[in-house]
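Below is one structure, written out as structure tokens; comments come after it.
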Amino acid sequence: QTGTVAANPEQYDQAYICPVTIGSQTLHLDFDTGSSDLWVFSNLMPSSEVDGQTEFNTNSAGATKKDGYTWSISYGDGSGASGVVYADTVNVGGATATSQAVEAATSVSSEFTSDTGSDGLLGLAFSSINQVKPTPQTTFFDTVKSSLEAELFTADLQSNGPGSYTFGYIDSSKYTGSITYTAVDNSQGFWGFTAGGYTVGGGGSNSTGTIGSAIADTGTSLMYLPTAAVQSYYSQVSGSSYSSSQGGYIFPCSASLPSLTVSIGGHGFVVPGSNFNYSPTGSGNTCFGGLQENTGIGFTIFGDVFLRAVYAIFDETQGSPRIGFAAQ
Ligand SMILES: C[C@H](Cc1ccc(C(C)(C)C)cc1)[C@H](NN)c1nnnn1Cc1ccc2c(c1)OCO2
């Protein structure tokens, strides 16, 4: 079987929301290759924590409670959720898992309550970091992958317009040139890979360092790189500065932004400058950068700002996992 689902950007491309059928309900979930739990708003939550989101109905005929199973997750940005576990049929654009662990929230943090466009998350990292106790559950991809035409999924994220995720096949209309594959280190449960040198702007190779180990994370809005690369980038943006009040680099919204070329698997991938203007700060006509330092996060994260510039293939067809990127 295969699946194809639209990925709809929230405001400022903060996250990408996809329709998922669970039993007879359709919920809109944030597909996240940087976490491994499929959790949803549910009828078990206090109404004070719900602001228009669709609630999974745990009383529906097809939902089977997994007695004694609970979950609690906290994300690197400080948000979190917790609850209990059901099994139900989950259909993502035609790819169907007949008995998928659906983690029904009994409580969510305020960030999720106020993210009115999302009814929960669908984790696509490795099942080794699933947060269900006493027994970790498989991700949707792990549950269905043996039944897919090919054991892979792809992400095509677009700015201000629907992109798509596919399960079980590569859509050759989504990219140009060839796909560059590189090995994945999933020892921490993420789609980890090694990135090489970088170049700021279309000029000569003014990169001095290499980026090193990184994760591909559709659930993170921005791109977080080592300090040297970030400082090198913003040294080319006139009027830019680090704002401790805003918590990152900002610049005049009228600034012209250079591109950033990153070498992965020996191929240079170009992120256009426009991708690095994330959002207005709300003060003094300054804008918040889509490229920020990885200090304090613990990972170098190739989030949506990077993933919008490429077609990404999350591939387990070779036995050991690999990740592929192609220009769009
Ligand atoms: C943060 C997301 C997970 C999430 C997504 C959406 C949301 C809201 C709906 C409420 C907006 C909260 C949370 C990420 N997913 N892999 C993640 N989960 N765990 N670590 N990361 C990566 C990281 C870690 C730290 C950081 C960060 C990123 O951005 C800013 O600081």
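The values are calculated or read from the model by the stated rules, or taken from the named source; none is laboratory data. In this text, all values refer to a predicted model and were calculated from it rather than measured experimentally. Every residue, glycine among them, receives a Cβ derived from its backbone with ideal geometry; neighbour counts consider all protein chains shown. SASA here: full protein model, heavy atoms, side chains in, ligands and nucleic acids out. Shrake-Rupley method; radii C 1.70, N 1.55, O 1.52, S 1.80 Å.
Scanning segment 246-262 for residues that are within 30 Å of residue 180 (Cα to Cα) and open to solvent by less than 40 Å² (accessible area, probe 1.4 Å) returns 257, 258, 259, 260, 261, 262. Set side by side, the residues 320, 279 differ, and just one is surrounded by fewer than 19 Cβ atoms within 10 Å (Cβ to Cβ) and more than 16 Å from the ligand (Cβ to nearest atom), which is 320. Condition check for residue 108 on (1) open to solvent by 40 Å² or more (accessible area, probe 1.4 Å); (2) modelled with pLDDT of 95 or more; (3) closer than 20 Å to residue 32 by Cα: one failure, at (1). Restricting the first member to segment 211-235 and to residues that are closer than 23 Å to residue 9 by Cβ and within 16 Å of the ligand (Cβ to nearest atom), and the second to residues that are hydroxyl-bearing (Ser, Thr, Tyr) and in a helix (DSSP H, G or I), the beta-carbon pairs closer than 9 Å and six or more apart or on different chains are 221/12; 225/233. If you go through segment 158-197 and keep only what is of a type in the set (Asp, Glu) and more than 22 Å from residue 127 (Cβ to Cβ), you end up with just 171. Checking each residue of segment 182-202 against the condition of being open to solvent by less than 60 Å² (accessible area, probe 1.4 Å), part of a loop (DSSP other than H, G, I, E, B), over 24 Å from residue 15 (Cβ atoms) and at pLDDT below 95 gives at least one match. When 101, 63, 97, 87 are checked against the criterion of being buried (at least 19 other Cβ atoms within 10 Å of the Cβ), closer than 26 Å to residue 150 by Cα and without any contact (Cβ under 8 Å) to a residue 60 or more places away in the chain, 97 stands alone in meeting it. Residues in segment 78-137 that are in a loop (DSSP other than H, G, I, E, B), of a type in the set (Ser, Thr, Tyr) and closer than 29 Å to residue 315 by Cβ: 118, 135. A count restricted to segment 13-53 and to residues that are outside any loop (DSSP other than H, G, I, E, B), within 13 Å of residue 157 (Cα to Cα) and open to solvent by 40 Å² or more (accessible area, probe 1.4 Å) stands at 0.
Checked against the criterion of being among the hydroxyl-bearing types (Ser, Thr, Tyr), surrounded by fewer than 16 Cβ atoms within 10 Å (Cβ to Cβ) and modelled with pLDDT under 95, the candidates 114, 159, 128 yield just one match: 159. If you take the residues of segment 139-156 that are of a type outside the set (A, V, I, L, M, F, W, C) and under 13 Å from residue 96 (Cα atoms), which of them is least open to solvent (accessible area, probe 1.4 Å)? That would be 139. Going through (1) without any contact (Cβ under 8 Å) to a residue 12 or more places away in the chain; (2) more than 13 Å from the ligand (Cβ to nearest atom); (3) under 29 Å from residue 39 (Cβ atoms); (4) not aromatic (Phe, Trp, Tyr) one by one, residue 244 falls short only on (3).
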